[in-house]
Each structure stands twice: as structure tokens, then as C-alpha cells.
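Asker: The structure is given below, and queries will be raised subsequently.
The values are calculated or read from the model by the stated rules, or taken from the named source; none is laboratory data. Computed from a prediction, not measured in an experiment: that's the story for all the values here. No Cβ is skipped: glycine too gets one built from the backbone with ideal geometry, and neighbour counts run over all protein chains shown. The accessibility values were calculated without ligands, DNA or RNA, using every heavy atom of the protein model including side chains. Shrake-Rupley method; radii C 1.70, N 1.55, O 1.52, S 1.80 Å.
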Amino acid sequence: VKTTVSVIKADIGSFPGHSRTHPKILELAAQRLKEAEGKIIIDSHVTHCGDDLELIMTHTKGEDNEEIHKLAWDIFMECAGVAKEMKLYGAGQDLLGDAFSGNVKGMGPGVAEMEFEERGSDPVLIFMADKTEPGAWNYFLYKIFADPFSTSGLVIDPSMHQGFTFEVHDVIEKRRIRFNTPEESYSLLAYIGAPSRYVIKYVWKRDGTIAASTSTQRLNLMAGRYVGKDDPVMIVRAQSGFPSVGEVIDPFRTPILVAGWMRGSHHGPFMPVGVCDANCTQFDGPPRVICLGFQVSNGKLIGPADMFDDPAFDRVREQCCELSSMLRAHGPFEPHRLSLEEMEYTTLPGVEKQFKDRWEDLPE
Ligand code: F6R
Ligand code: MG
Ligand code: MG
């Protein structure tokens, strides 16, 4: 039988403000998943990145399974109830519907899933981010699976030599396309370099074996107004024909700028941190990413290993702090603040409405 790894997340309330989840919520979610082990799921792990509650589950039911999604949805609803009792901030904010309708997609939570035949040994890395958007993974997925200057295995390991296939989703037009690398890398980059619109959903080996899966939900597009962000998650398989664990995490030593900081309206450096530092404090950020490493063994999650809790990532964290100061100095100016086009999906339209009648046409 094949094993499925499902990572389903939601911001169901946090404290103080949008900075971190509450330990009571984490405990409750972990307990509910434990109760489901041996029944609906095989194994589970609960964690958080900033204000996002992350449910990691293994099972044999495949992607988009109703029972699994309902389990997650019910846990989010129950946790939102507890969050409301504590008057946590933004309690229930990512739960857009009241009634579950078979799949959490489109209802607020973010979902990344993959089903695979377990290899003799199957290292899996799970990335979870706060204060950014799904397209934040684009740069890293390209580096991991298509850049030979980053992943030397693409050159050295014959089993990776033929390259990978990327599936890209256009989250505005709701369409998808596949590109093969290395031969179509430039075309792939033409799209994924615009990560607010084009998001890598899957990466496969050229023989169709799944390598990576991300969440592509854009909460603000779903709700049609600003209801919080779509802080993304990603699952990546490593070793033996895939990039090694080290090749997967090394690109995160580059401090790139991503969208989604403060009010979902600012660019900020993407800071890799250990779980103990996965709290969005400075200016509600900066955007943070954690990575938990597991060996998946007959559906059991052996781990986790907290991959960025490592002095080797101290330097990028320093660089992120420097970049953060540089950007913060811009105050409400671009490029710290998102471009007008991106602001369309956040709060600016409210301000525009207010001054709609004060604008006058310029004389010819
Ligand atoms: C939420 C976030 C925060 C909030 C900000 C304002 O994930 O990024 O920066 O947008 O704290 O929140 P409200 O409008 O709820 O006071
Ligand atoms: Mg929040
Ligand atoms: Mg969040």
C-alpha cells in the first residue's frame, strides 16, 4: 500500500495578536490526532509556525480524502472554539465556511499532500511558513530541483541527470501547466519569477515519481477581501534519486525577499528558524520558515528533526535582520510595501473608496 503525507494548516487564532499559537491549542490538536491514530490516520505531529496551526498526518487514503480533510476541519473548528473562549486574536480567521463540504480546499485551510510508494528508506522534509504566500516556495524549489550550482546531484548523480517536471498553477486565472527542466528552465523561470500569481504546486521525477508538493490556496483571493494570508506549507522527499537532505535545505541560506509581512502588505526577508523561534514578533514578522525532517517508515513519522535549529543558519538569520532594517526604513514606501497591483488584494481598496470623490481630473 502507498503512504500519504498530508499537511493541513490554518490560523485559528493566536496570541498576542498574530504572533504565535497558544500551547493549549497545540495540545488539543495533538490529542485529537492521537485519538485518530490507528483509526483514520497512522501517525501525526502537531506544530506551529507563527500564528499557524500545522497538522502533519500520515495515512493510506490518498490525496483529497474526505475523512482526512474532515478530521482536520473538525480539529480546526474545535480549536477555534477554544481560541474564542480565550479571546485569542483572529480566532477562527482562516475558517471561511461553517459547514464542511467534503474537502477543506476553498474553505480557508492550506493543504499540501503527496502519496507515494515508500522506498527502502524515505526521508521527508516538511516546510511551514508564516507571513508569506504560497509562491514563496518557487525560488527554493527551482534551486533544489533545477539549479546544478545548488544541487550538485543534478550533475553528479546519474539518477537525477534527466531533470524534473514542475507543475505551475496560475492562481489568478485558475489554470495549470507543466515544464520539464533542464530544457525548459528559462520558460519555467519566466512564470515562477512572479510568485504572487504563478505557484509551483508539484515537482516530479521525469518518470512521474512525486518529489515535492505545496499548498497553493490564496486565502485573500478566496474570500475576495483581506482575511489574513495563505501562509504556505510544502512537502519534499529527499535522497536516492532526489536531492539530498542537505541539498534541499541549503537554498534557505539565501535571504530572499517574499511578500506577506505586516498586514499581508509588505515584502520582507524569509528567515529560516528553529521551531523555538517560529514566533512572528518583530513588526509581526519577519516572514519565517521552519523545516521538520522525518523518516517515513510504514506510515510512521520517525522524528521530527528541527532542521533550521542549527548555527549553520545563523548567518542567513543575521542577513535577514539587516535586510529587515533596510526595508523597514522605507516605512510605507515600495518596495517594502507591496506594489499597487498586489495591494488590490489587501486593504488599500478601503482607503481608495474613502477618497473616491476628492479626486479631480487633471486639465488636458
Ligand atoms: C496577520 C498579519 C498581521 C496583521 C496585523 C494587523 O497574519 O500579518 O501583520 O495584519 O497585525 O492586524 P489587525 O488588522 O487584525 O489588527
Ligand atoms: Mg493570524
Ligand atoms: Mg499566519
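Asker: I'd like the Karplus ³J(HN,Hα) series for the range 174-191: coefficients 6.51, -1.76, 1.60, θ = phi - 60°, whole numbers in Hz, and an x wherever there's a Gly or Pro.
Answerer: My calculation for the range 174-191 gives 6, 9, 9, 8, 10, 10, 9, 10, x, 5, 10, 4, 5, 5, 4, 4, 4, 8 Hz in order.
Asker: Can you figure out the FRET efficiency of Lys105 with Ala194, using R₀ = 25 Å and their beta-carbon distance, to the nearest 0.05?
Answerer: 0.65
Asker: Are any of the pairs Lys9/Lys61; Lys84/Lys174; Lys39/Lys131; Lys2/Lys24 more than 23 Å apart by Cα-Cα distance, and if so, which?
Answerer: Lys84/Lys174; Lys39/Lys131; Lys2/Lys24
Asker: Between Met128, Met307, Met326, which gets the highest mean-square fluctuation from a Gaussian network model of the chain, Cα cutoff 10 Å?
Answerer: Result: Met326 has the largest fluctuation of those listed.
Asker: Measure off 7 Å from each Cα along the Cα-to-Cβ vector at Ala30 and Ile302, then give the distance between these two points in nanometres to one decimal.
Answerer: For Ala30 paired with Ile302, the spin-label model returns 2.2 nm.
Asker: With an 8 Å Cα cut-off and a minimum separation of 6 or more residues, compute the relative contact order for the range 3-353 in percent.
Answerer: Contact order relative to length: 19 percent.
Asker: Still on this model: Set the Förster radius R0 to 45 Å, insert the Cβ-Cβ distance between Asp207 and Glu318 as r into 1/(1 + (r/R0)^6), and round the FRET efficiency to 0.05.
Answerer: Working from the Cβ atoms, E equals 0.65.
Asker: For the range 189-261, with every protein chain kept in place, what is the accessible area per residue (1.4 Å probe, Å²)?
Answerer: Accessible surface, normalised per residue, equals 31 Å².
Asker: Could you please state, rounded to a whole Å, how far the C-alpha centre of the range 1-80 is from the C-alpha centre of the range 205-221?
Answerer: Rounded to whole Å, the Cα centres lie 19 Å apart.
Asker: Expressed as a whole number of Å, what is the distance separating the alpha-carbon centroids of the range 98-171 and the range 301-364?
Answerer: Rounded to whole Å, the Cα centres lie 24 Å apart.
Asker: So between Glu85 and Thr254, what do we pick up on full extension, going 0.36 nm a residue minus the alpha carbon distance?
Answerer: Contour length minus Cα-Cα distance gives 56.8 nm.
Asker: With the alpha-carbon atoms as the only input, what is the per residue convex hull volume for the range 1-146 in Å³?
Answerer: Considering the Cα atoms of the range 1-146, their hull volume per residue is 115 Å³.
Asker: A further question follows. Could you check the simple spin-label distance between Leu340 and Arg119, using points 7 Å along Cα→Cβ, in nm with one decimal?
Answerer: According to this spin-label approximation, the distance is 5.0 nm.
Asker: Next up: For Val351 and Lys2, FRET efficiency with R0 = 35 Å and r from the beta-carbon atoms, rounded to 0.05?
Answerer: 0.10
Asker: Loop by DSSP (not H, G, I, E, B), at most 14 other beta-carbon atoms within 10 Å: where is the longest site-free stretch of the chain for trypsin sites (Lys or Arg not before Pro)?
Answerer: 226-355
Asker: Work out how much length Asp310 to Arg178 would gain on full extension: take 0.36 nm times their residue separation and subtract the Cα-Cα distance, in nm to one decimal.
Answerer: The Asp310-Arg178 span can extend by a further 44.0 nm.
Asker: Give me the base-10 log of I(q)/I(0) for the range 3-353 at each q in 0.08 Å⁻¹, Debye formula, one uniform scatterer per Cα, rounded to two decimals.
Answerer: For the requested q values the scattering log ratios are -0.35.
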